[in-house]
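Contents: one structure, followed by commentary.
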Amino acid sequence: MKNVDSNINASIISLLKKGDTNSYKIIFDTYYKRLYLFSLKYVEDQYAAEEIAENVFFILWQKKNEIDKIGNLKSYLYAMARNASLDYLKKEKQSVPLDLDKHDSADLMDQYIIEEETHAILYQALASLPPKCRKVFELSCLEGVKYKDISEELQISINTVKSQRARAIELLKEHLKDYPLFQILLATL
């Protein structure tokens, strides 16, 4: 499997600098949900997190001519979202969580980024599954629903539930073959 951000390459960044809206859409589609969830961890307000994520992309578009100065686009976007989230908390006179005030807030930011990236990789893998296969996997492996209950809910036989679950695990193993941690987790199912 290619890296989740493999579609964000130098040519897309170069096109963005020229004002290409399709390249902007690709970057937006790749990062918006992640930045929203990342910001939500800080501000704990859905509306504010949406606004922060949207503003990050607005600023990116405004500064598209300066994009050559950005070493790592992903880090830049996350840093902007973090700073905007902290500014929001200060503006709203909410206390900044203690662990964000400390000098090691970069470590916490890294932890949040890793968590959101992990979710993005898993979501992409789940989205690649056929619909029924995905539903069976989610019910069985993620929600812990028993085979019998899945069978009744989806109106399929218990053997079909078992085979769809096994198929989902095999497809996920293939899709996530470049991620050893996911391979270990899938092996335990």
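The values are calculated or read from the model by the stated rules, or taken from the named source; none is laboratory data. What you see is a predicted model; the values in this text were computed from it and never measured. Heads up, the Cβs are rebuilt from the backbone with ideal geometry, glycines too, and the neighbour counts pull from every protein chain shown.
Filtering 151, 140, 157, 163 for residues that are more than 22 Å from the chain's Cα centre (by Cα), buried (at least 17 other Cβ atoms within 10 Å of the Cβ) and at pLDDT 90 or above leaves a single hit, 151. The helices (runs of 4 or more DSSP H) found entirely in segment 117-189 that carry 1 or more residues being under 27 Å from residue 78 (Cα atoms), out of contact with any His (no Cβ under 7 Å at 6 or more places or on another chain) and not aliphatic (A, V, I, L, M) are 158-175, 180-187.
The helices (runs of 4 or more DSSP H) found wholly in segment 46-111 and carrying at least 1 residues that are at pLDDT 70 or above and at negative phi occupy 46-62, 73-91.
Total residues in segment 8-65 satisfying the condition of being without any contact (Cβ under 8 Å) to a residue 24 or more places away in the chain, under 19 Å from residue 82 (Cβ atoms) and of a type in the set (Val, Ile, Thr): the figure is 1. Just one of the listed residues (6, 39) is touching a helix residue (DSSP H, G or I) at 6+ places or on another chain (Cβ under 8 Å), modelled with pLDDT under 90 and within 29 Å of residue 128 (Cβ to Cβ), and it is 39. Inside segment 44-66, can you point out the residues that are crowded, with 16+ Cβ neighbours inside 10 Å and aliphatic (A, V, I, L, M)? Correct list: 48, 49, 52, 53, 56, 60.
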